[in-house]
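*Asks:* I have a structure here, written as structure tokens, and I will follow up with some questions on it.
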Amino acid sequence: MKINRYIKEAEAYSSPGWPDNIEDIIRLGMNEGDFISPHVVEYIQSLSIDLIARHYPPGEIPELINVIKEVHNIGDNAEVLLYPGSDNAIDNIIRTFSEPGDTIIMRFPEYGNTVLFAQTHGLNIVYIDVNPINNLTVEALIQAYHKHHPAIIYFSNPHNPSGQFLGPDEIEILAQKAQNSLIIVDEAYLHFADTTFIGAIPLVEKYSNIVITRTFSKLFGLAGLRIGFAVANTKISPHLRILQRTKDLTYISQMAALQSLKHIEEYRQVAHEIIESRQFVENSLKEIGFEVIGPSYGNFVLFKPTVEPKILYERLHDRGYITRFYTEPRMANYMRVSIWRKPVMEGFIRTLKEVL
Ligand SMILES: Cc1ncc(COP(=O)(O)O)c(C=O)c1O
């Protein structure tokens, strides 16, 4: 029996699992959203089982695509493609624009699932070491482009886990210089950096070598429904249609996303509240004496505690808070905490002080 050698060499994604008391635990480990509009909840509850379960889904729902285009001012030169989660989008984009043996450039550390998708597609991953961890520059990406001739350049922006954010002006320079690469800008956390929610999307209409990915898992609180999208120039979007599995786009996830965008101002308000809460957490962690990697532009903060991260993780876990520590040796001193709105984060900081 033959096993694909790239699969054999890879390590499977490990799902966090749900403890029995999941509803009593505050999960600040996966950067999930902390809010769903009551309008969206009511709408989801009103859907019939026939529509959401018994029938195969309808494929992409045009109204959702139209509303996404409207909200983000997307014109005729770009197309929106829906995916069951942005993970799925990233995997498809990588497979569409590279072949085994090609190179992908990313910084270290980068979002783990993207690393896995690149590995299992047989790509040669060239990491850019960034020091300090939140100091990736476009110059470093351009230098690596000239040296390694990558098929793909990928970065999360804001960056998970450091929270660094590169503005559209900088990304535009990269698009101009790295013309032979496909640049994937993963904007899973864009809403917490740019409350216009536009980000680098306008660049897609101008440059056919940029694809943006977005998710409804973070600000929109729909991680469990698995829905995200990509924005690609019409010159390249037909290629992405080949691997796009529209059968996996459920009706409930698309309709929930659509309803969320219809109430987008509620979410914009929440994004502002998260940004304020993030500032409170950064300040509090500094007051405690931890080294904060900042400023963060995501719905999370990375820091170096004065206690060993795994020990602190366990103490917090015993008190009902899940956070994130890292097993990768170069990240061993770091912890990450997701940011919810202020009352939850005040409770978190109080508990943190108690367990130190
Ligand atoms: C940088 C980044 N991109 C993408 C995702 C995945 O999003 P989705 O739930 O849409 O697959 C995550 C989730 O944590 C992430 O951190």
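The values are calculated or read from the model by the stated rules, or taken from the named source; none is laboratory data. Just so it is clear, the structure is predicted and the values come from calculations on it, not from any experiment. Please note: Cβ atoms are built from the backbone with ideal geometry, for glycine as well, and neighbour counts cover all protein chains shown.
Residue-wise test of (1) outside any helix (DSSP H, G or I); (2) more than 16 Å from the ligand (Cβ to nearest atom); (3) over 21 Å from Y56 (Cβ atoms); (4) touching a strand residue (DSSP E or B) at 6+ places or on another chain (Cβ under 8 Å).
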position	(1), (2), (3), (4)
H191	no, no, yes, no
D194	yes, no, yes, no
F197	yes, no, yes, no
E205	no, yes, yes, yes
S208	yes, yes, yes, yes
I212	yes, no, yes, yes
G224	no, no, no, no
V231	yes, no, yes, yes
K247	no, yes, no, no
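*Asks:* Another one. Given the conditions (1) surrounded by fewer than 17 Cβ atoms within 10 Å (Cβ to Cβ); (2) within 16 Å of the ligand (Cβ to nearest atom), and given that S260 satisfies all but one, which numbered condition is not satisfied?
*Replies:* Checking S260 against (1) surrounded by fewer than 17 Cβ atoms within 10 Å (Cβ to Cβ); (2) within 16 Å of the ligand (Cβ to nearest atom), the one that fails is (1).
*Asks:* Among (1) touching a strand residue (DSSP E or B) at 6+ places or on another chain (Cβ under 9 Å); (2) touching a residue at least 12 places away in the same chain (Cβ under 8 Å); (3) more than 24 Å from I65 (Cβ to Cβ), where does K286 come up short?
*Replies:* Checking K286 against (1) touching a strand residue (DSSP E or B) at 6+ places or on another chain (Cβ under 9 Å); (2) touching a residue at least 12 places away in the same chain (Cβ under 8 Å); (3) more than 24 Å from I65 (Cβ to Cβ), the one that fails is (2).
*Asks:* Looking only at the stretch 170-190, decide whether some residue is of a type in the set (A, V, I, L, M, F, W, C), more than 19 Å from L240 (Cβ to Cβ), outside the structural domain of Q279 (by TED's automatic domain parsing) and in contact (Cβ under 8 Å) with a residue 60 or more places away in the chain.
*Replies:* no
Quick grid of which residues meet (1) aliphatic (A, V, I, L, M); (2) farther than 23 Å from N333 by Cβ; (3) over 15 Å from the mean Cα position of the chain (by Cα); (4) not in a loop (DSSP other than H, G, I, E, B):
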position: V80; (1), (2), (3), (4): yes, yes, yes, yes
position: A118; (1), (2), (3), (4): yes, yes, yes, yes
position: V126; (1), (2), (3), (4): yes, yes, yes, yes
position: Q143; (1), (2), (3), (4): no, yes, yes, yes
position: P161; (1), (2), (3), (4): no, no, no, no
position: D169; (1), (2), (3), (4): no, yes, yes, yes
position: E172; (1), (2), (3), (4): no, yes, yes, yes
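*Asks:* Of the conditions (1) of a type outside the set (S, T, Y); (2) surrounded by 15 or more Cβ atoms within 10 Å (Cβ to Cβ); (3) out of contact with any strand residue (DSSP E or B) (no Cβ under 6 Å at 6 or more places or on another chain); (4) farther than 13 Å from V281 by Cα, I322 fails just one. Which one is it?
*Replies:* (3)
*Asks:* Further, regarding this structure: Being assigned by TED's automatic domain parsing to the domain that holds P132 and either away from the ligand (no atom under 15 Å from the Cβ) or surrounded by fewer than 20 Cβ atoms within 10 Å (Cβ to Cβ) (or both) is the requirement here; does G85 meet it?
*Replies:* Criteria not met by G85.
*Asks:* Can you name the residue in the stretch 306-335 that is under 20 Å from E11 (Cβ atoms) and part of a strand (DSSP E or B) and is also farthest from the chain's Cα centre (by Cα) among such residues?
*Replies:* Checked the stretch 306-335; the qualifying residue farthest from the chain's Cα centre (by Cα) is F325.
*Asks:* Can you find a residue that is surrounded by 19 or more Cβ atoms within 10 Å (Cβ to Cβ) and of a type outside the set (A, V, I, L, M, F, W, C) anywhere in the stretch 228-235?
*Replies:* yes
*Asks:* Can you name the residue in the stretch 115-132 that is touching a strand residue (DSSP E or B) at 6+ places or on another chain (Cβ under 6 Å) and β-branched (V, I, T) and is also surrounded by the fewest Cβ atoms within 10 Å (Cβ to Cβ) among such residues?
*Replies:* The selected residue is V126.
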